[in-house]
Amino acid sequence: MEFETKCLHAGYQPENGEPRVLPIVQSTTYAYDSTEEIGKLFDLEAAGYFYTRLANPTTGAVEEKIAALEGGVGALCTSSGQAATFYAVLNILEAGDHMISSSYIYGGTYNLFAHTLRKMGIEVTFVDQDASKEELLKAAKPNTKAIFGETIANPAVKVLDQEKFASVAKELDIPFLIDNTFATPYFCRPFEFGADIVIHSTTKYLDGHAVQTGGVIVDGGKFNWNNGKFPQLSEPDETYHGIVYTEKFGQAAYITKARVQLMRDLGATPSPQNSFLLNLGMETLPVRMDRHFENAVTIAKYLTEQKAIKHVYYPGLESDENYNLAQKYVPNGLCGVISVEFAEGKEQAAKWLDALELVSLEVHVADIRTCALHPATSTHRQLTDEELQQAGISPGLVRLSCGIENVNDLLADLQQAFDKLEG
């Protein structure tokens, strides 16, 4: 099936007389005829459902769909994007390990890496993703176990050179993890460029309607976990009577461990209702993303003409420093997110934001409705001035997420807000 068809049909195919639309299995438990059957489920000897914290038919169908869209061997949905990122890392890193990450990442992810993981004994070194491969390799240590980046950085809107990061990972024999939230698998499939694990905040474009909070981890199934660096996967797990994930589950070792160990113990499970809503959003993903991109290009060009704007960050513009990278990794479209730098800084940016009428001022992004935000005082508020600078966030930076409204209405609202700056 082509991508658009997978969005509608992958993950759930009704049998004769069954519901055409993916049903909501709103049950925490499942009944069986014998203790032997349940025992096999707990020993990972049989496939099935026994408790929704680990697996649910509605969520399972959504996981199959996302894995199909990204081209992975399996997926695990979580209750938030933060949980997905946390699980993705914790699945292979433990106290005493080290990870390399781009500094151009979402503020919540930065805090998770810089502070929470540090308290758990995991060290993260942040690097400039535009640095050369040789410079990136200098950040590695003997205990480095992963490298992380975002396809399109939030909110810097910088495009990651995925093949460069993948080559660093290959040389170090470690996995390359990437957050593909902004591009979505419609515009970019990182496995094709060497990524090993893909992460999404499904709260954003995959849902698209701001009605559910969720995340997902997708396993590419190609990394060799038997290289001696990941005993969590290649040595016996005593909590399952000595199962070795790489031996029993092969290509799906990573994602299976994330489900049966981390989800079992930490339990950041999405509700079946939220999985249903996520699936509903994904059915229209291609149509929405085309419109998001079309509106963003028009608005980005308009913003470059405004004297109050010092700089527009959008790789869909030929003038953007990341335009060539965008043509390589996301040639058919980017996202609806634009960042702009106001010439007179924070106060001017705040005055413009407060003047918006149709565009919502809210803590969200990647929605069908256009919204705007001041990252330095919201999503990245916990970062120090130095950390903000490393993440490409200045006091005058505004993140504008273009929705799918008629672009003329959006332009009119932006214009009246600029007019008020003059008044």
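The values are calculated or read from the model by the stated rules, or taken from the named source; none is laboratory data. Remember, predicted model here, so these are calculated numbers, not experimental data. All Cβ positions, glycine included, derive from the backbone under ideal geometry; neighbour counts span all protein chains shown. Heads up: the accessible areas ignore ligands, DNA and RNA and are worked out on the full protein's heavy atoms, side chains in. Shrake-Rupley method; radii C 1.70, N 1.55, O 1.52, S 1.80 Å.
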Residue that is surrounded by the most Cβ atoms within 10 Å (Cβ to Cβ), among those in region 398-412 that are of a type outside the set (V, I, T) and over 22 Å from the mean Cα position of the chain (by Cα)
L410
In region 336-365, which residue that is part of a helix (DSSP H, G or I) and either acidic (D, E) or surrounded by fewer than 22 Cβ atoms within 10 Å (Cβ to Cβ) (or both) is modelled with the lowest pLDDT?
K346
So is N274 modelled with pLDDT of 95 or more, closer than 30 Å to D237 by Cβ and assigned to a helix (DSSP H, G or I) or not?
yes
Being without any contact (Cβ under 8 Å) to a residue 24 or more places away in the chain, touching a Ser or Thr at 6+ places or on another chain (Cβ under 9 Å) and under 26 Å from T109 (Cβ atoms), is that true of even one residue in region 339-358?
no
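Which strands (runs of 3 or more DSSP E) sit wholly inside region 130-240 and have at least 1 residues that are surrounded by fewer than 24 Cβ atoms within 10 Å (Cβ to Cβ) and at pLDDT 95 or above?
Because the criterion is at least 1 residues that are surrounded by fewer than 24 Cβ atoms within 10 Å (Cβ to Cβ) and at pLDDT 95 or above, the strands (runs of 3 or more DSSP E) in region 130-240 that meet it are 144-150.
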Looking at region 253-265, is at least one residue closer than 30 Å to S27 by Cβ, in contact with a Phe, Trp or Tyr (Cβ under 9 Å, 6 or more places away or on another chain), open to solvent by 60 Å² or more (accessible area, probe 1.4 Å) and touching a residue at least 12 places away in the same chain (Cβ under 8 Å)?
no
Do you know which residues across region 164-213 are in contact (Cβ under 8 Å) with a residue 40 or more places away in the chain, more than 10 Å from the chain's Cα centre (by Cα) and at positive phi?
D173, G208, A210
Output for region 267-297, where each listed residue is open to solvent by 40 Å² or more (accessible area, probe 1.4 Å) and on the phi > 0 side of the Ramachandran plot
none
When region 298-335 is checked residue by residue, the ones that are more than 22 Å from K420 (Cβ to Cβ), open to solvent by less than 30 Å² (accessible area, probe 1.4 Å) and without any contact (Cβ under 8 Å) to a residue 40 or more places away in the chain are G316, L317, D320
Any residue in region 54-82 that is at negative phi sitting within a Cβ distance under 7 Å of a residue that is at pLDDT below 95? List the pairs, counting only those 6 or more apart or interchain.
A55/Y49; N56/Y49; P57/Y49; Q82/G108
